[in-house]
Amino acid sequence: MLAHMQKVANKSRRRDFYAVASWIVFGMVCGLCTSHLIMTGLPQFTSSDEHMAPRSIMAVLEYRRNHDAKYDNLNVQQQQEPPTHLRSPTQTKKQQPPRPKHQLDDRLLSFNNTTNMTAALEEQLLKHPGQRTYTQECRSSFLFNNTWGKLKAQWADKDHVKRLIQDLNIPHLKIPKTLALFNKTVMENLTVHDLQSQIESLNATDYIIKPTHTSGAVAKVLNGSHYSCFKKCKEPADEMILPDALPTMLENMKYSMEHFFSNPRYEAFQKGRQTQYQYIPRQIIMEEHLNMDTLREWHWWVIDGHPLWVCRRCGLNGTYYSSRFQPLQMSLGHYPACGDPPAQPKTWNKMMEIVSRLSKHVTGIMRLDLYADDESVYFSEITFTTSSCDQELNPTRADALVYAVAHGTVSHELATAAFVERVVNDGVVELPQLATAGKEDQVAKTE
């Protein structure tokens, strides 16, 4: 019995010895491999490679210093390449610095290697699907971004933004007068009788009723008695006569105070989206109604103070124009263009001045909505997520151009009216035409 136990103990000791020895050998192999990697540098080359790798730690460090210094300034187009003997065969064939996150191809930076703007834009869209247009960036970076939404909220608030713009004292810009404002506490206790008393004290016969924190539930009263809710209302009505319409008016106002959209399914879909509206105090505003028989609605697309184009709205449809009032063959989603094109309004230069001055106070991409005729220009609102970014700009190169200008790939100086027309309408930008386009645009501005 004792002999058997001794035999088992010896076997166990031999097994432990072999296990320890195996771990020691494994550690030595790992150490040798690590030393080899440090001494030879990265990447490793086979004996058949023509280019030798550095054979000392100092050579590796020197290579890394050269490699890091190469990208200190991404704006320098001509970069110093590492020595030939430190490059792999793939690096020797084509050495390119890493590109910034929001940067298109180098061909869009200098136009030295191509004469086709559209081809460059579309190629980038194929290489990086869903990442190189304004609409896709809006969906991925803006819609659910609470930090971004907090910064934009004060400009999206339909009541507060009017006071901000009033303080800017922009010449020639008129702001619709606020007649009444109902906060959440007032709305919770508001009755039909209270609403009738408030309306009688307005001293106005034509006015608009809308929430300040969303884009729907817009109603109007004309001639002091004709009520109709015409945009995303819970209880849409062709036309009702006051005071019989007061219960419907109150129901729509209370519903829009608690909800962002009239359709519950659509509201559920939009939950958490367009975060700028989540940080706006919920209120209902009554403001003066403008005479839309002569006024036209103009939606200006502006990027950091630079007007890119404008859309003349006619209901849900719209016709696009460059900043020098030349038609652009583009659309938002499936909505077609308006009917007969209007004449250029006499207030066009006033609108251009207003857009340039106002948009300098708002960073990034925005849509500045104005009403204008041949005499007056009125402020409407500022929008940051047009159509909740559900609709894309067509053609795609127009959507990509917004992205390129927003991220500085196409500079404001380059994005003239003539340049935008050629990109959107023709899809081709020749180098001689760029120079001519810039000169023509400068002449137009001086005139």
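Some notes on this structure:
- Test: residue in the range 310-330 that is open to solvent by 50 Å² or more (accessible area, probe 1.4 Å) and of a type in the set (Gly, Ala, Ser): yes
- Any hit, the range 285-296, residues being within 20 Å of the chain's Cα centre (by Cα) and crowded, with 18+ Cβ neighbours inside 10 Å: no
- Residue check, residue 265 of a type in the set (Lys, Arg), open to solvent by less than 50 Å² (accessible area, probe 1.4 Å), within 17 Å of residue 216 (Cα to Cα) and at pLDDT below 95: no
- Residue among 167, 194, 238 that alone is open to solvent by 60 Å² or more (accessible area, probe 1.4 Å) and either assigned to a strand (DSSP E or B) or in contact with a helix residue (DSSP H, G or I) (Cβ under 7 Å, 6 or more places away or on another chain) (or both): 238
- Breaking point among (1) in a strand (DSSP E or B); (2) more than 26 Å from residue 155 (Cα to Cα); (3) open to solvent by 20 Å² or more (accessible area, probe 1.4 Å), for residue 227: (3)
- Any hit, the range 325-335, residues being part of a loop (DSSP other than H, G, I, E, B) and over 23 Å from the mean Cα position of the chain (by Cα): yes
- Annotation note: of 147, 214, 185, 205, the sole residue that is touching a Gly at 6+ places or on another chain (Cβ under 7 Å) and either outside any strand (DSSP E or B) or loosely packed, with under 15 Cβ neighbours inside 10 Å (or both) is 205.
- Yes/no for residue 302 being in a strand (DSSP E or B), open to solvent by less than 70 Å² (accessible area, probe 1.4 Å) and in contact (Cβ under 8 Å) with a residue 24 or more places away in the chain: yes
- Restricting attention to the range 384-395, the residues that are open to solvent by 40 Å² or more (accessible area, probe 1.4 Å) and part of a strand (DSSP E or B) total 1.
- Taking each residue of the range 165-185 that is among the polar types (S, T, N, Q) and looking for partners that are surrounded by 13 or more Cβ atoms within 10 Å (Cβ to Cβ) and part of a loop (DSSP other than H, G, I, E, B) with beta-carbon atoms closer than 8 Å, six or more apart or interchain, yields 166/175; 178/159; 183/282.
- Any chance residue 355 is touching a residue at least 24 places away in the same chain (Cβ under 8 Å), buried (at least 19 other Cβ atoms within 10 Å of the Cβ) and part of a loop (DSSP other than H, G, I, E, B): no
- Selection of the range 407-426 for residues being surrounded by fewer than 19 Cβ atoms within 10 Å (Cβ to Cβ) and more than 19 Å from residue 321 (Cα to Cα) yields 407, 408, 411.
- Looking only at the range 359-391, residues that are over 19 Å from residue 144 (Cα atoms) and in contact with a Gly (Cβ under 9 Å, 6 or more places away or on another chain) come to 4 in all.
- Single match in 398, 404 (criterion: of a type outside the set (S, T, N, Q), within 27 Å of residue 343 (Cα to Cα), assigned to a helix (DSSP H, G or I) and open to solvent by less than 30 Å² (accessible area, probe 1.4 Å)): 398
- Residues in the range 304-340 that are of a type in the set (Phe, Trp, Tyr) and over 22 Å from residue 364 (Cα atoms) were compared, and the one that is modelled with the highest pLDDT is 325.
- Which numbered condition residue 381 misses (of (1) charged (D, E, K, R); (2) open to solvent by 10 Å² or more (accessible area, probe 1.4 Å); (3) not in a strand (DSSP E or B)): (3)
The values are calculated or read from the model by the stated rules, or taken from the named source; none is laboratory data. Bear in mind that the values here come from a model prediction, so they are computed numbers and not experimental data. All Cβ positions, glycine included, derive from the backbone under ideal geometry; neighbour counts span all protein chains shown. Keep in mind that these areas ignore ligands, DNA and RNA; they rest on the heavy atoms of the full protein, side chains included. Shrake-Rupley method; radii C 1.70, N 1.55, O 1.52, S 1.80 Å.
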